[in-house]
Amino acid sequence: MKSSVKQLIMTGLAVGSLTFVSGCSLFDSDSVEYAAKTDSGTISKDELYNRMVDKIGQRTLDDMITLTVLQKKYKVSDGEIDDEIKRLKSEFGNSFNDFLSQNGVNNEEQLKDVIKLDKLKQKLALEHLKIQDKDLKALYEQKKPEIRVSHILVSDETLAKDIKSKIDSGEDFGSLAKEFSQDIATKEKGGDIGYFKEGDMVQAFQDAARKLKVGEVSQPVKTDFGYHVIKLLDEKKLLSFEQMKPQLESELISNKMDQNKINAEIQKLLDKDNIKIGEEKLKDMYKITNQSKEKPSSK
């Protein structure tokens, strides 16, 4: 999708919190008498539960109700969710789990809830958008395959040119990266950045990298970070149009979707449903939330 994965996760993160606000499932055993205990005092289960309800209860409740109502009308298969997770794992590689934990997603089950809600909203949006194959094919034509590169980053142009000369003379790129590169994250890996897609790197860097053939090394390329000597390691084959079609549809929906209109359509479905809130504290939260939605915009 055009929107970043981080944005997707943060947009739907509260859904993943449902296991924490469900009270009974907050603790593994009823025999647990407290949430935490220190020499200075004890934090009870009720205190923790109430604090979590205050902090994330309203958002979580809204998302859970929306998820419940939308999935009555629209269907998202396990396969669709699994495909999206595979795509994310491919995009983030070895940093996938680190990315999730940094954004408060503790496991794949929470991630599945985030993805499911997002796809349900997309299916609702699709009813109100006219997306034709010609639009999808036009977007597909703009796609470029992922490439994998190594680079050596230095701050001095003369040094960058000297390094390029050494490579041209037969010296090993990876060894030179370990010796000279100022990119701490990649130098010990011989400068290997890994695979990246269009838009992941600054324009000058990716333009230079895409001009190379596998095995070729660029002249020094200037960016705001310094001077890069780039080597193209691999270029993935672009998936076929049919294989990419679900992703293309999602991207077009994201591009065309008017979030205010989508929220209004969701609210229509919620208004038709008989929603009852059992938890007293959450009743007030839900009432306030819906009153704010009903107020006309002051703009």
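A few notes on this one:
- By average C-beta atoms within 10 angstrom, highest first, the peptides 212-224, 187-199: 187-199, 212-224
- Above-threshold pairs, the threshold being 29 Å between Cα atoms, out of Lys137/Lys211; Lys144/Lys268; Lys72/Lys237; Lys197/Lys245: Lys144/Lys268; Lys72/Lys237
- Ellipsoid semi-axes for the range 134-283, based on the Cα gyration tensor and the rule √(5λ), read 47, 21, 13 Å when sorted largest first.
- Full-stretch length increase - Lys213, Asn94 - with 0.36 nm per residue and alpha-carbon distance subtracted: 40.3 nm
- The mean of 1/r over all pairs of different alpha-carbon atoms in the range 206-287, once inverted, gives a Kirkwood hydrodynamic radius of 18.6 Å.
- Cα-centre dipole for the range 147-235 with unit charges at Cβ (Lys and Arg positive, Asp and Glu negative), debye to 20: 140
- Stretching Glu157 away from Ile275 to a fully extended chain increases their span by 35.9 nm, per 0.36 nm per residue minus the current alpha-carbon distance.
- Likely footprinting exposure, Phe180, Phe205, Phe225, fewest C-beta neighbours within 10 Å first: Phe225, Phe180, Phe205
- Counting every other Cβ atom within 10 Å of each residue's Cβ, Asp162, Asp118 order from fewest to most as Asp162, Asp118.
- Computed over the range 147-235: relative contact order in percent, which uses C-alpha pairs under 8 Å that are six or more apart: 43
- Plainly put, the range 147-235 has a radius of gyration that is 0.91 times its Kirkwood radius, both from alpha-carbon atoms, as the Rg/Rh ratio.
- In order through the range 229-238: 3J(HN,Hα) via Karplus (6.51 cos²θ - 1.76 cosθ + 1.60), integer Hz, x for Gly, Pro: 10, 10, 10, 7, 9, 6, 9, 6, 7, 5
- Potential lengthening of the chain between Arg59 and Lys130 amounts to 22.5 nm, from the contour at 0.36 nm per residue minus the alpha-carbon distance.
FYI, it's all coordinate maths here, none of it is from the lab. Computed from a prediction, not measured in an experiment: that's the story for all the values here. Note that each Cβ is placed from the backbone with ideal geometry, even for glycine, and that neighbours are counted across all protein chains shown.
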